[in-house]
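Read through the structure below, which is laid out as structure tokens, and then see the notes.
Bear in mind that the values in this text are calculations on the coordinates, not laboratory data. As the structure is a prediction and not an experimental result, all values here were calculated from the model. Don't worry about glycine lacking a Cβ; one is built from the backbone with ideal geometry, like all the others, and counts go over all protein chains shown.
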Amino acid sequence: MDAVATLELVEVASDGERKPIRVEIGWPHFDERGSWACPVVVTSVSNEVREIHGEDSMQALCLGVQFVRSMLQSVVERGSRLLHDDEDTDFHLEVYFGNNGQQA
């Protein structure tokens, strides 16, 4: 996949096990079904490339980013921490993705 954006993280499970996570978001493209699709993969959560569909390229990209947030949120909800891989500091979802519609 030709990625438009990538992110390298580390998941630290409650037992201390560390696993790398790589996020890739590809370029939105028009597909054979007549919609726009944005390829997304979040390794370590799932190595499957998901095609996130939208009415146009902007919607497909925005939905792809929201999908990444939900995948990373699921890691946190199961009790793991997310760290920046190069600094070993906490990765805060709200810094990258906003408060997800919640009041600050």
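Condition test on LEU63, is it touching a strand residue (DSSP E or B) at 6+ places or on another chain (Cβ under 6 Å), among the hydrophobic types (A, V, I, L, M, F, W, C), in contact (Cβ under 8 Å) with a residue 12 or more places away in the chain and in a helix (DSSP H, G or I)? When the stated conditions are applied, LEU63 passes them. Residues in segment 48-87 that are of a type in the set (Gly, Ala, Ser) and surrounded by 17 or more Cβ atoms within 10 Å (Cβ to Cβ): GLY54, ALA60, GLY64, SER80.
Tally up the residues in segment 13-37 that are touching a His at 6+ places or on another chain (Cβ under 8 Å) and in a strand (DSSP E or B), please. Of the residues in segment 13-37, 2 are touching a His at 6+ places or on another chain (Cβ under 8 Å) and in a strand (DSSP E or B). The C-beta contact set for segment 18-38 (first residue closer than 23 Å to ASP86 by Cα and in contact (Cβ under 8 Å) with a residue 60 or more places away in the chain, second residue among the polar types (S, T, N, Q) and surrounded by 14 or more Cβ atoms within 10 Å (Cβ to Cβ), distance under 6 angstrom, 6+ apart or interchain) comprises ILE21/SER44. Among the residues of segment 55-85, what is the count of those that are touching an Asp or Glu at 6+ places or on another chain (Cβ under 7 Å) and among the acidic types (Asp, Glu)? Total meeting the criteria: 1.
Report yes if SER74 is under 18 Å from LEU9 (Cβ atoms), polar (S, T, N, Q), free of Cβ contacts under 8 Å to residues at least 24 places away in the same chain and assigned to a helix (DSSP H, G or I), otherwise no. No. Quickly run through segment 39-57 and pick out the residues that are farther than 17 Å from ASP85 by Cα, in contact (Cβ under 8 Å) with a residue 24 or more places away in the chain and either in a strand (DSSP E or B) or under 17 Å from the mean Cα position of the chain (by Cα) (or both). Within segment 39-57, PRO39, VAL40, VAL41, SER46, VAL49, GLY54 meet the criteria.
Scan segment 45-55 residue by residue and report those that are out of contact with any helix residue (DSSP H, G or I) (no Cβ under 8 Å at 6 or more places or on another chain) and within 19 Å of ASP2 (Cα to Cα). Across segment 45-55, the qualifying residues are ASN47, GLU48, VAL49, GLU51.
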